[in-house]
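Undergrad: Sharing a structure here in structure tokens format.
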Amino acid sequence: MSLFEIIGGFFLVLGSIFLFLGGLGIFRMPDVYNRLQAGTKATTLGAMSVIFGVGIIQLENDWTWIVKAMVILIFIAFSNPISSHALARAMYKGKTYPFIKSKDKDMDAYKEYIDNQKMEEE
Amino acid sequence: MQNLSLTNKLSNFIVNWVFLMLVWIAFTSSFATHELIVGALTTMVISYLSIRLFTCCTILIFCPVKIMYMIWYLVVFLIALINSNMDVARRVLSPSLPINPGIVKFKTKLTTNYSKMVLANSITLTPGTLTVDVVDDTFYVHWIDVKTTNPEEAYTEIAERFEKILLKIF
């Protein structure tokens, strides 16, 4: 075992733990928005850490892997939040309203905006 | 499409060319002459065709102070990302599922579209928040553990630390 393999393996294990927690979050959360929250954050850091770990393990044979891994990391960091934002917005426009624990009407500020828009259309 | 002046076009062209060339070098990972020539020609054509499409940054983005702020922003962002994963882990693993979800809104001081996009993405990846929609300068944010529904307090809680740095970059 070389040093690169140990460090890279550490990142691989860390990434898979985060991915597992993300999966568990999707299983346990009550509605789509909370599931997106758990899913996005955990998969972003999980996937980033796994890809970075692979780059570090390959550092021994071929230095170009880590450069390509960094480019992929940047693409993941941009595309993951955008896709989850698009899903959340589409869900709200498709009339799936968020689960709200406390019976407080102010908790859903986006509803006002959607209602106003509907009034304008009519 | 907006009408761009010649200086704007030239500056967009050069910025796009430099960024695309960096991506090319990163993906090919070689400094062989033939690779670089093909890359330079391809990225030149692409950046000429996309002068009107990618207008995020002017040539001023290469100013050293801004690059320092970008690196500082990355550090702040990475710390927030790791924090948010700890937060998700804590919520998911505790048996009582400690959440109090809701959607809050706040106003931002940023003006350009690209800086708003970066702020929205950063908010999605910070602890307990998910951007649902951005309408002009109002952000609608789903918050997994709502502490306040007041827009100003929500702004200080969620966005202030990123916005301070973004205002200096863009």
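Undergrad: Quick check, is A:ALA86 facing another protein chain (nearest Cβ under 9 Å) and within 22 Å of B:VAL141 (Cβ to Cβ)? So that I can check it myself, show each step before the final result.
TA: Values: facing another protein chain (nearest Cβ under 9 Å): no; within 22 Å of B:VAL141 (Cβ to Cβ): yes.
When the stated conditions are applied, A:ALA86 does not pass them.
Undergrad: Please verify whether region A:35-42 includes one or more residues that are in contact with a Pro (Cβ under 7 Å, 6 or more places away or on another chain) and outside any helix (DSSP H, G or I). Spell out how you get there, then give the answer.
TA: Initial filter on region A:35-42 (in contact with a Pro (Cβ under 7 Å, 6 or more places away or on another chain)): A:40.
Next, only the ones that are outside any helix (DSSP H, G or I) stay: none.
Within region A:35-42 (the criterion being in contact with a Pro (Cβ under 7 Å, 6 or more places away or on another chain) and outside any helix (DSSP H, G or I)), the answer is no, since none of the residues qualifies.
Undergrad: Would you tally the residues in region A:9-31 being buried (at least 21 other Cβ atoms within 10 Å of the Cβ) and over 12 Å from the mean Cα position of the chain (by Cα)?
TA: Result for region A:9-31: 2.
Undergrad: Scanning region B:25-39 for residues that are polar (S, T, N, Q) and within 14 Å of chain A (Cβ to nearest Cβ), which turns out surrounded by the fewest Cβ atoms within 10 Å (Cβ to Cβ)? Write out each step before concluding.
TA: Of the residues in region B:25-39, the ones polar (S, T, N, Q) are B:28-30, B:33.
Pick out the ones that are also within 14 Å of chain A (Cβ to nearest Cβ) and you get B:28-30.
Working: B:THR28: 16, B:SER29: 15, B:SER30: 12.
Out of the qualifying residues, it is B:SER30.
Undergrad: Additional query: Which one of these does B:THR55 not meet: (1) more than 30 Å from B:LEU130 (Cβ to Cβ); (2) at pLDDT below 85?
TA: Just one mismatch for B:THR55, condition (1).
Undergrad: Taking region B:96-123, which residues are closer than 16 Å to B:TYR155 by Cβ and either facing chain A (nearest Cβ under 7 Å) or among the aromatic types (Phe, Trp, Tyr) (or both)?
TA: Answer for region B:96-123, where residues must be closer than 16 Å to B:TYR155 by Cβ and either facing chain A (nearest Cβ under 7 Å) or among the aromatic types (Phe, Trp, Tyr) (or both): B:GLY102, B:ILE103, B:VAL104, B:LYS105, B:PHE106, B:ALA120.
Undergrad: Moving to a separate point now. Answer yes or no as to whether A:ILE100 is closer than 30 Å to B:ASN150 by Cβ, modelled with pLDDT under 85 and facing chain B (nearest Cβ under 10 Å). Even if it seems obvious, please write down each step before you answer.
TA: On the way: closer than 30 Å to B:ASN150 by Cβ: yes; modelled with pLDDT under 85: yes; facing chain B (nearest Cβ under 10 Å): yes.
Considered against the rule, which asks whether it is closer than 30 Å to B:ASN150 by Cβ, modelled with pLDDT under 85 and facing chain B (nearest Cβ under 10 Å), A:ILE100 comes out as yes.
Undergrad: Still on this structure, I have one more. Which of the residues belonging to region A:21-73 are polar (S, T, N, Q) and out of contact with any helix residue (DSSP H, G or I) (no Cβ under 6 Å at 6 or more places or on another chain)? Outline the logic, then answer.
TA: At the first step, the residues of region A:21-73 found to be polar (S, T, N, Q) are A:34, A:37, A:40, A:43-44, A:49, A:58, A:61, A:64.
Answer for region A:21-73, where residues must be polar (S, T, N, Q) and out of contact with any helix residue (DSSP H, G or I) (no Cβ under 6 Å at 6 or more places or on another chain): A:ASN34, A:GLN37, A:ASN61, A:THR64.
Undergrad: Okay, next question. Can you tell me which condition A:ASP62 does not meet? The list is (1) outside any helix (DSSP H, G or I); (2) under 23 Å from the mean Cα position of the chain (by Cα), and all the others hold.
TA: (2)
Undergrad: Now, a different point. Given (1) surrounded by fewer than 21 Cβ atoms within 10 Å (Cβ to Cβ); (2) within 9 Å of another protein chain (Cβ to nearest Cβ), where does A:GLY94 come up short, assuming only one miss?
TA: (2)
The values are calculated or read from the model by the stated rules, or taken from the named source; none is laboratory data. Keep in mind it's a predicted model, so treat the numbers as computed, not measured. Neighbour counts are summed over all protein chains in view; Cβ atoms, including those assigned to glycine, are modelled from backbone coordinates with ideal geometry.
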